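Read the figures in this text as sums done on the coordinates, not as results from a lab. Since the model is a prediction, treat every value here as computed from it, not as a measurement. Here the Cβ positions follow ideal geometry from the backbone for every residue, glycine too, while neighbour counts run over all protein chains shown.
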Amino acid sequence: MKRVLTLFLFISAFFVFGTQNVQAQCKGFAKNVCKLELVPYTHDGNYHAAVLTEGEEAELYKTFYSDQEYRIAVCGSDNLPEIEFSVVDAAQNVLYTNKDHDYKKTWDFKLQASQQLKIVVKVPSRGDKSKEPESGCVAIMFGFKVK
Amino acid sequence: MVKRSPIQFIFLALITVFMFSCKSGEKKQEAQEETVDVDVSQLDEEMFKNINEAKEVFYSLPSPLETAMLVKSAGAGYDEDLLNPVDNATKYSTNKSMALNLGIYTCDLSFASLYDQTQASIDYMNAAKKMADGLGILDAISQESIDRLEENINNRDVIMDIISETFMNSSSYLEENDRTAIAAIVLVGGWIEGLYLATQLVPDTANLETNKLVQRIVDQKLSLNIILRLLNNNKDNPDVEAVMKDIEALKAIYDKIPMTASEKVTTSTDENDVTTIESSSTYKITPEVFKELKEKVKEIRTNYIS
C-alpha cells in the first residue's frame, strides 16, 4: 500500500512539476526569443504561449483599434516546423497569411476602423509517420507604436 | 379583343423591360447595402462560430499599457486626481482586490509614464509591486526593475519596456501556476481603469459623434464578448462571478449603442511593408446613454478601489 502511495505521489509530482517546467520554458522562450521580433514596436505586456504538437492549432481573439500601428509576432521553438499563421476578420475574410510570405514571423498592420480579429496559428505536420510528432512552445505576441 | 399595332407591341415590350430592369437594379443595390454594413453583434456571432476546433484558444484583452496608450492617443489630457491614490494600496488584502488593483495601478503607471510624470511613475510602480507581492507573484516586479525605472526615468522607451516586462512577468507567473482566474481579474481591472479615465476625460461640451475619446470608449463594445468569454472560462471562481456581473451590466448599456461595420474589407501595403486594413464603421450614442455608461463605469471602479 505504501509503495502504491509513493508511486502515486511520484507520478503526480512528475506531472505537476514537469508541466510547470515546460510552461516556464515557454515563458523564457516568449521573453527571450519572440519578444525580440517585436522591435522597434513596444510589447503590450500580454503573454500568450502554449505547448503545441505538430498538426495542432491555436486561435487568439483580440480587438485592434483604428489609427494604431501593430506588429504581430508568432514564433515556435526550434524543434518545430515553421509556424503558419493567418489573420481573419469577423466576416471570415483572410486578411493575411504568412504562407504567402515565406512563413515570415511578423506582420505589421494598421486599421482604418477598429475591429475584432482572429489569429489562427498552426504547427504544420511533417508527415513523417516513422517519427513521433514533435511538441514545442508557440508564442503569439503583439507590439504597438507609442504615440 | 383590341388589336395592337407592331409599334404598340414594341413600345409595351420596351416599357416592360425598362420596369424589370429598374426593379432588379433596386434589388441589386439593396443586396449590396445589406452586405456592406453589418451590425457588430452579428459579426461577433460569426467570429466565434467554429471556436472549438483549435487545441488552444486565447482571449486577449488590451493590456493596461495598451489601454493607457489608447486613452492618450485619443488626445486626452493628464489628470493625476483621477488616478487611484497610491495610499490606497495598504487597504487591499483579498486576492480579488489585489488582482483588480494590480491592473488598475499598472494602467495608472502606464498613463503617468506616457505623460512623462516621473515621480508618479515611480510611486505607481511601487504600488503595483505591493499588489503583485501580495498575490504571491514572485519577482514579477523586482527591486531591480524599480531601480532601472528610476535610472531611466527620462527615457520613455525604456520605461515602456520595463512596464511591459513586469506585466508579462505577472501574467505568465499566474498562467504557469494555474491562477488564470486571477490573471483575468487583473486584466479586467486595467481595462475598467482605462474606461474610467477615458469617460472622465471627455469634455462636457464634446460632440459625441466626432470626439476621438468617445470613439475609443464606444470601440470597447468590440471587446465585451472577449472579456465575457475570458471570464466564463474561470466562472467557477466566486471572484470571477462577481466581476462578470459588472461586465454584464456594462454590456447591457453598450447594447444601447448601435454599431455597424463594413463587411467588405480591402488591404494595401505601403513601401515600409505596413498593411492597411481598409474598412469602415459607424456608431450612434445619445447623451443619455453616454451619461449612463459614465456613471456605471464610475460606480464599478469606485467599488474596485474601495
From DSSP H assignment alone, runs of 4+ in chain B each adding -39500 (n - 2.57), the sum over residues rounded to the nearest 500 puts [θ] at 222 nm at -21000 deg cm²/dmol
Rounded to a whole number, the mean other protein chain Cβ count within 10 angstrom for residues of A:34-45 is 5
Just to confirm my numbers, what's the Cα centroid distance between region B:77-127 and region B:180-247 in Å?
17
What whole number of Å gives the distance from the Cα centroid of region A:35-61 to the Cα centroid of region A:107-147?
6
When you look at the Cβ of every residue in A:90-102, what mean number of other chain Cβ atoms sits within 10 Å?
4
Taking the alpha-carbon distance from B:Lys245 and a cut-off under 19 Å, which aspartates and glutamates remain once sequence neighbours fewer than 8 residues away in the same chain are dropped?
B:Glu193, B:Asp236, B:Asp255, B:Glu292, B:Glu295, B:Glu299
Gain in span if fully extended, A:Asn79 to A:Lys147, counting 0.36 nm per residue against the direct Cα distance
20.7 nm
Please give, to one decimal in nm, the separation of the simple spin-label points placed at B:Ala252 and B:Lys298, each 7 Å out from Cα toward the Cβ.
2.0
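Does region B:129-261 classify as rounded, prolate or oblate by the C-alpha gyration tensor (a ≥ b ≥ c root eigenvalues; a/c under 1.5 gives rounded; else a/b over b/c gives prolate, otherwise oblate)?
It comes out oblate by the Cα gyration axes.
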Please compute the volume of the convex hull spanned by the alpha-carbon atoms of the protein assembly as shown and report it per residue in Å³.
252
Nearest-0.05 FRET efficiency for B:Thr205 and B:Thr267, computed from C-beta distance (R0 35 Å)
0.40
Taking each residue of B:262-272 in turn, how many C-beta atoms of other protein chains fall within 10 Å of its C-beta, and what is the average?
3
Near B:Lys129, which lysines are there with a Cα under 17 Å away, not counting those fewer than 8 places off in the same chain?
B:Lys91, B:Lys96
Partners for B:Lys264 among lysines (Cα-Cα distance below 23 Å; same-chain residues under 8 apart left out):
A:Lys62, A:Lys99, A:Lys110, A:Lys118, B:Lys27, B:Lys28, B:Lys49, B:Lys221, B:Lys284
Report the label-to-label distance for B:Val158 and B:Lys55 in nanometres (one decimal), using points 7 Å from each Cα along the Cα→Cβ vector.
4.1
Is the shape of chain B rounded, prolate or oblate, going by the alpha carbon gyration tensor and its root eigenvalues a ≥ b ≥ c, with a/c under 1.5 for rounded and a/b larger than b/c for prolate?
prolate
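Could you calculate the contour length gain from B:Asn232 to B:Asp178, that is, 0.36 nm times the residue separation minus the distance between their Cα atoms, to one decimal place in nm?
Answer, rounded to one decimal: 17.9 nm.
Rounded to the nearest 0.05, what FRET efficiency do A:Val94 and B:Gln119 have when you use their Cβ-Cβ distance and R0 = 51 Å?
Result of the calculation: an efficiency of 0.60.
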Roughly speaking, what is the stretch gain from B:Val274 to B:Lys245, that is 0.36 nm per residue apart minus the C-alpha to C-alpha distance, in nm to one decimal?
6.5 nm
